[in-house]
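Trainee: Let me begin by handing over the structure; questions about it come next.
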Amino acid sequence: QVQLVESGGGLVQAGGSLRLSCAASGGTFSRYTMGWFRQAPGKDREFVAAISRDGGNRRSADSVKGRFTISRDNAKNTVYLQMNNLNPEDTAVYYCAARLGVSIWTIEYDYWGQGTQVTVSS
């Protein structure tokens, strides 16, 4: 069973950037498809981005396309979310997730981190 710990959240002004990290332990990281999700106050959790086990395939939500980039370093057991040109609508708790399946198209994940808060001020 894999454990996930997110870091890198914080307060940033609109137009700024942040890079989130998610460190995995307790499993063979390269066996997991990884994803990022977020949940804003009063809203449902939503998909942000996903990356395949070898990093060769990625997808992201339309709302972040062109601004957010997911990547991974299997040697460091870490997945990243680079977030550029942030706006107040990006304010949310961001969660890292892992699944043993191959597909990056499903939103069903097996393991979740505790989340990291991202707040974007206008």
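The values are calculated or read from the model by the stated rules, or taken from the named source; none is laboratory data. Small disclaimer: the values here were computed from a predicted structure and weren't measured. Reconstructed Cβ throughout: ideal geometry from the backbone, glycine too, with neighbour counts over all protein chains shown. Areas reflect the complete protein model, heavy atoms only, side chains present, ligands, DNA and RNA absent. Shrake-Rupley method; radii C 1.70, N 1.55, O 1.52, S 1.80 Å.
Trainee: Are any residues in region 98-122 within 12 Å of residue 12 (Cα to Cα) and assigned to a loop (DSSP other than H, G, I, E, B), and if so, which ones?
Mentor: 122, the sole residue that qualifies.
Trainee: Does any residue in region 85-96 that is within 26 Å of residue 23 (Cβ to Cβ) come within less than 6 Å, Cβ to Cβ, of a residue that is part of a strand (DSSP E or B) and open to solvent by 30 Å² or more (accessible area, probe 1.4 Å) six or more places away or on a different chain, and which pairs are these?
Mentor: 91/119; 92/39; 93/39; 93/117; 95/112
Trainee: Working only within region 12-26, note down all residues that are farther than 18 Å from residue 68 by Cβ and either assigned to a strand (DSSP E or B) or among the charged types (D, E, K, R) (or both).
Mentor: Within region 12-26, 23, 24, 25 meet the criteria.
Trainee: For region 67-83, name all the residues that are under 20 Å from residue 28 (Cβ atoms) and open to solvent by 20 Å² or more (accessible area, probe 1.4 Å).
Mentor: 71, 72, 73, 74, 75, 76, 77, 80, listed by residue number.
Trainee: Also, I was wondering about something else. Every residue in region 23-66 that is buried (at least 16 other Cβ atoms within 10 Å of the Cβ) and either closer than 17 Å to residue 90 by Cβ or of a type in the set (D, E, K, R) (or both), please.
Mentor: 35, 36, 37, 38, 45, 47, 48, 49, 53, 60, 64 - these are the residues of region 23-66 that are buried (at least 16 other Cβ atoms within 10 Å of the Cβ) and either closer than 17 Å to residue 90 by Cβ or of a type in the set (D, E, K, R) (or both).
Trainee: Under the condition of being outside any strand (DSSP E or B) and surrounded by 14 or more Cβ atoms within 10 Å (Cβ to Cβ), which residue from region 1-11 is farthest from the chain's Cα centre (by Cα)?
Mentor: 2
Trainee: Let me ask something else about it. State all residues of region 92-110 that are hydroxyl-bearing (Ser, Thr, Tyr) and buried (at least 18 other Cβ atoms within 10 Å of the Cβ); if no residue qualifies, say none.
Mentor: Scanning region 92-110 gives 94, 95, 109.
Trainee: While we're here: Give me the strands (runs of 3 or more DSSP E) completely within region 52-97, filtered to those with at least 1 residues that are closer than 21 Å to residue 2 by Cβ, in contact with a Phe, Trp or Tyr (Cβ under 6 Å, 6 or more places away or on another chain) and not basic (Lys, Arg), ordered by residue number.
Mentor: The strands (runs of 3 or more DSSP E) meeting that bar are 68-73, 78-83.
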